[in-house]
Each structure stands twice: as structure tokens, then as C-alpha cells.
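The structure appears right after this line, and notes come after that.
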Amino acid sequence: MIICKYFTLEYLNRKIVSFPYQHTDKVDRPQPIPKTFAVKRTIGGNGHENAMLLRLLPLMIGKNVPEGDGAWAVLMDLKEVVELVLAPVFTEESIQYLQSKIRDHKQVLQEVFPDYKLCPKHHYLEHYPELICRFGPCPLVDYEI
């Protein structure tokens, strides 16, 4: 989205720094994105900070991204998957929905970024619904986005 010039890295970082975090959001406040993120292929931060960024990103920059943008669709699918995985309670229907969202995310990711090579964590994610069924909710998962 920065490549598409919807906003600059500096603009995004200003939004991250100046966002009015409340209550527990202050603890997991996301870090500004380093200028080297594209080369290093990581935005840095820990899983909790990155999940917070993913959750709040629509509020920070959503208005800058045109409707139908593929990269935004990938991020919003990932956001929903993360929120589902971290849910404190599951039903059979929510597990099935999680499975569906994981498949959708992987498909959209590969459609929007056909040259992107999936890494092991994409495969591991496919096992989360089964693991949640076996062991219950995992709200304290330490994950890396």
C-alpha cells in the first residue's frame, strides 16, 4: 500500500505513534515500522504488538486505502483469522468458520501475491482449528504475524 502511494511510511508511523491507545492496548502498543521492513521482510515488534497493529490498522489508515485493494483484502483476512484464533470461546460453527477463513486467506494471499512463497507458519495455521478442538481456546498464544 505504501508502494501504491496510498500513504507513506512516515504517515503510517505517525498514526501508530499518535493513536489514542486505551487501557490494555497501551501495554501492547505497536512499534513504528522500520524503514528496512521491505528488505528484512519483517515489521519487527512482537506478536502481541503486531496483533494490536493489525486490529487497529483499519482505524489508523483504512480511509486511505481504496475499496477493492487486494493487499488490503489480505490484511483484513489475516486480521479476522487472528481475532478468531485468539477468541476466548469457540463453537463448532466458529471452528468451521475459522477453517474457512484460513483457506480464504491463503487463497487470496496467493492470488494477490503470486510470487510470494508460503512459509511453514502458513502451514501450521491450518492446524489451529484442530488444535483448538483438542485443547480449547488459546488466548495466550505467543504468535508472530
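The values are calculated or read from the model by the stated rules, or taken from the named source; none is laboratory data. The structure presented is a predicted model; accordingly, all values stated were derived computationally and were not measured. Every residue, glycine as well, gets a Cβ built from its backbone with ideal geometry; the counts of neighbours run over all protein chains shown. The accessibility values were calculated without ligands, DNA or RNA, using every heavy atom of the protein model including side chains. Shrake-Rupley method; radii C 1.70, N 1.55, O 1.52, S 1.80 Å.
Rolling a 1.4 Å probe over the protein heavy atoms gives the chain an accessible area of 65 Å² per residue. Compactness of region 47-120, taken as the C-alpha radius of gyration over 2.2 N^0.38 Å, stands at 1.17. Here's the picture: charge each Lys and Arg Cβ at +1 and each Asp and Glu Cβ at -1 in the chain, and of W72, P30, V108 the one pushed furthest to the positive end of that dipole is P30. Under a model in which nothing but the beta-carbon of Lys, Arg (+1) and Asp, Glu (-1) is charged, the chain shows a dipole of about 600 debye around its Cα centre. Using the alpha carbons alone, the radius of gyration of region 1-54 stands to its Kirkwood radius in an Rg to Rh ratio of 0.98. Note on the chain: helix-only mean residue ellipticity at 222 nm, from DSSP H runs of 4+ residues weighted -39500 (n - 2.57) and normalised by residue number, equals -17000 deg cm²/dmol.
Between the exposed loop cleavage positions of the chain, defined as trypsin sites (Lys or Arg not before Pro) in a non-H, G, I, E, B DSSP state with at most 16 neighbouring beta-carbon atoms within 10 angstrom, the longest gap is 42-116.
Of the residues Y21, V85, L98, the one whose Cα sits farthest towards the positive end of the charge dipole of the chain is Y21 (charges of +1 on Lys and Arg Cβ, -1 on Asp and Glu Cβ, taken about the Cα centre). A run of the chain free of exposed loop cleavage sites, with GluC sites (Glu not before Pro) counted only in DSSP states other than H, G, I, E and B and at most 11 other beta carbons within 10 Å, reaches its longest extent at 68-143.
Counting only protein heavy atoms and using a 1.4 Å probe, the accessible area of C119 comes to about 40 Å². Evaluating 6.51 cos²θ - 1.76 cosθ + 1.60 at θ = phi - 60° for every residue in region 113-124, the Karplus couplings come out as 10, x, 8, 6, 8, 5, 10, x, 5, 5, 5, 4 Hz, glycine and proline recorded as x. Expressed as a whole percent, the accessible area of the chain that falls on carbon and sulfur atoms is 57 (1.4 Å probe).
Pairwise Cα separations in the chain fall into 10 Å bins from 0 onward with the following percentages, short to long: 10, 38, 37, 14, 1.
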